[in-house]
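Asker: Sharing a structure below in structure tokens format, with a few things to ask.
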Amino acid sequence: MGRQPAHPGRDRRVTARRPPLTDLSALGTGTKLAQAGRAHAHDMVNPPVARASTILFESLADLDAALKDPDAGLYYGRRGTQTHWALEDALTQLEPGAAGTKLFPSGVAAIAASLIACLDAGDELLVSDSAYEPTRTLADNLLGRLGITTRYYDPCCGDAIADAISEKTRAILLESPGSLSFEVQDLPAITAIARARGITTVIDNTWATPLRLQPLALGVDISVQALTKYVAGHSDLLMGSATATPAMWPKLKAAFYRLGHHVSADDCALVLRGLRTLNLRLDRHEQSALAIARWLETHEAVDRVWHPALPSHPQHALFSRDFAGATGLFAFVLKQGSRPHTAALIDELRHFGIGFSWGGFESLVLPVELDRIRTATTTSLPGPIIRLSIGLEEVDDLIADLDAGLARYQAQFGA
Ligand SMILES: *Cc1c(COP(=O)(O)O)cnc(C)c1O
């Protein structure tokens, strides 16, 4: 008979500690994406998919050390494992000026937690009129019930944000470009005014990702992404992230823990896989979308194209100043007709799925109605708005498909 074995949890020689972040800011984008978050992988290229609720401690001394600093290493599954740390750290390393990142079960959950982190009962929130619709629903309903009032402002206000601010304003939500109507906001102008008054700014950076826009460097306090879209990139999961400055990081982290959010290690591994190719995919999304946008601008059925990288876009100068490039989501407005007419255009498209979300490898089309959503601004348009998410298909196939769709659309008017 051998020695009685110890409890397996007490056999460990090393307790998993969280290694410090390395600074990747001097590296080029592709190199950064190859290196980001890799400190957690050790002897494999990728971190293990570590699923856990209970973490076992070696001894009372080990438990007491962990209680003193729960974020220093493995503690309890809800605080994450190496797989979560790898993705959190990778996203932090992509955002100059960031102290840390938290992961959420969806983009909407990340927006909600970020706003809750910086608002209290009696405070006022300013939301861009171009904001994602569920963000508005959250503000109008849940935040309203918590005693936080919301007012909407014109996304193109620039310095005039000062006129919208009241004594009670504690946070400003930005979204640039707006994911339906593509207005570009003057971020440095708005954040300078907000900082001077101690107002926190939160941006929804889903369209641009940190590869195309680095909001913290422009004075924003919390940068949120729906990783669901470009970062995951394959239309097979939902996740959100919020990345904060050193000043906002403790509040964001506290809101994350108190709300009890957690994402699965399996989904983190999928998002990390997407992140490694994000630059290649975005370059292709950008090139194809721009080619299609330029082609649409010359089409006789099209009134205007809303794509911030086109010189015809009203805020093109702001876009060129602040963004490192574009992505693959934009919209165009038809010269005539109404929503029921769009069935002739979209129902028989071969390469464009009809559906919500975007940022995947496959192209999507969606007719959009702005007036139903907006309260601070109005746009008078001659025909329906069509939003396109341009995927990784060959651009000639997509243009031929849209060309046939627009011919079907025009035929309804006897053209
Ligand atoms: C999709 C989307 C979100 C929300 O992401 P989910 O993961 O679906 O909750 C937030 N903002 C924008 C701009 C989006 O397009």
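Asker: Expressed as a rounded percentage, what relative contact order does the range 55-170 have, with Cα pairs under 8 Å and six or more residues apart?
Answerer: Numbers: 93 pairs, mean separation 22.7, N = 116.
Relative contact order of the range 55-170: 20 percent.
Asker: Right, next: Remind me, relative contact order of the chain in percent, using alpha carbon pairs under 8 angstrom and six or more residues apart?
Answerer: Working: 811 pairs, mean separation 63.5, N = 415.
Contact order relative to length: 15 percent.
Asker: Starting from the amide H of residue 132, placed 1.01 Å from N in the peptide plane, find each other amide H under 5 Å away whose residue is 5 or more places distant or on another chain.
Answerer: Here the answer is 179, since their amide H atoms fall under 5 Å of that of residue 132.
Asker: Can you give the extra length, in nm with one decimal, that the chain gains between residue 53 and residue 276 once fully stretched, where that is 0.36 nm per residue apart less the Cα-Cα distance?
Answerer: Working: separation 223, 0.36 × 223 = 80.28 nm, distance 2.76 nm.
Here the answer is 77.5 nm.
Asker: Still on this structure, I have one more. When the Karplus curve 6.51 cos²θ - 1.76 cosθ + 1.60 is applied with θ = phi - 60°, which whole-Hz ³J(HN,Hα) does each residue of the range 337-343 get, with x for Gly and Pro?
Answerer: x, 9, 3, x, 5, 5, 4
Asker: Give me the mean projected area, in nm² to one decimal, of the convex hull enclosing the Cα positions of the range 198-296. Kindly include the intermediate steps, with their values, before the conclusion.
Answerer: Values: hull surface 32.2 nm².
Average projection, Cα convex hull of the range 198-296: 8.0 nm².
Asker: What list of whole percents do you get for P(r) of the range 136-260, with Cα-Cα distances grouped in 5 Å bins up to the one holding the largest distance?
Answerer: 2, 10, 18, 23, 23, 16, 6, 2, 0
Asker: By Kyte-Doolittle mean hydropathy of at least -0.5 and Cα axial length of at least 20 Å, which whole DSSP H helices of the chain are selected? Before the final figure, lay out each step's value.
Answerer: Numbers: long enough: 278-297 (28 Å, -0.35); 395-411 (24 Å, 0.21).
Helices meeting the criterion: 278-297, 395-411.
Asker: For the pair residue 142 and residue 350, how long in nm is the line joining their label points, each one 7 Å along Cα→Cβ?
Answerer: Going by the 7 Å Cα→Cβ label model, 4.3 nm.
Asker: Hey, can you grab everything whose amide H is under 5 Å from the amide H of residue 245? Only 5+ residues off in sequence or another chain; H modelled, so Pro and N-termini drop out.
Answerer: 99
Asker: Using the heavy atoms of the protein chains alone and a 1.4 angstrom probe, what is the accessible area of the chain per residue in square angstrom? Present the calculation step by step, with values, prior to reporting the outcome.
Answerer: On the way: 17960 Å² over 415 residues.
That works out to 43 Å² per residue.
Asker: Continuing with this model, one more query. In nm, to one decimal, how far is the modelled label at residue 64 from the one at residue 31, with both set 7 Å along Cα→Cβ?
Answerer: Those two pseudo-labels are separated by 4.7 nm.
Asker: Related question: If you roll a 1.4 angstrom probe over the protein chains with everything in place, what fraction of the accessible area of the chain belongs to carbon and sulfur, to the nearest %? List each step's numbers first, then the result.
Answerer: On the way: 9510 of 17960 Å².
C and S atoms contribute 53 percent here.
Asker: For the range 278-411, what's the relative contact order in percent, using C-alpha pairs closer than 8 Å and at least 6 residues apart? Intermediate results must be reported in sequence, preceding the final value.
Answerer: Working: 213 pairs, mean separation 37.7, N = 134.
28 percent.
Asker: May I ask which of 229/251; 68/253; 102/251 have a Cα-Cα span longer than 19 Å here? The partial results should precede the final answer.
Answerer: Details: 229/251 26 Å; 68/253 17 Å; 102/251 11 Å.
229/251, as the Cα separations exceed 19 Å there.
Asker: Then there's this: Which of these, 343, 269, 113, has the largest mean-square fluctuation under a Gaussian network model of the chain (Cα springs below 10 Å)?
Answerer: 343
Asker: Would the range 278-411 count as rounded, prolate or oblate if I go by the C-alpha gyration tensor, calling it rounded below 1.5 in a/c and otherwise prolate when a/b exceeds b/c, oblate otherwise? Spell out each step's value before the answer.
Answerer: Details: a/c = 1.56, a/b = 1.11, b/c = 1.41.
Oblate, because a/c is 1.5 or more while a/b does not exceed b/c.
Asker: Ok, one more. Computed over the Cα atoms, what is the radius of gyration of the chain divided by 2.2 N^0.38 Å, N being its residue count? List each step's numbers first, then the result.
Answerer: Working: Rg = 23.2 Å, N = 415, 2.2 N^0.38 = 21.7 Å.
Here the answer is 1.07, to two decimals.
Asker: Let me ask something additional. Which one, 398, 188, 319, is farthest towards the positive end of the dipole of the chain when Lys and Arg carry +1 and Asp and Glu -1 on their Cβ?
Answerer: 188
The values are calculated or read from the model by the stated rules, or taken from the named source; none is laboratory data. Predicted model, so just to flag it, every value in this text is computed and none were measured. Heads up, the Cβs are rebuilt from the backbone with ideal geometry, glycines too, and the neighbour counts pull from every protein chain shown. Remember, those area values only see protein heavy atoms, side chains included, never the ligands or the DNA or RNA. Shrake-Rupley method; radii C 1.70, N 1.55, O 1.52, S 1.80 Å.
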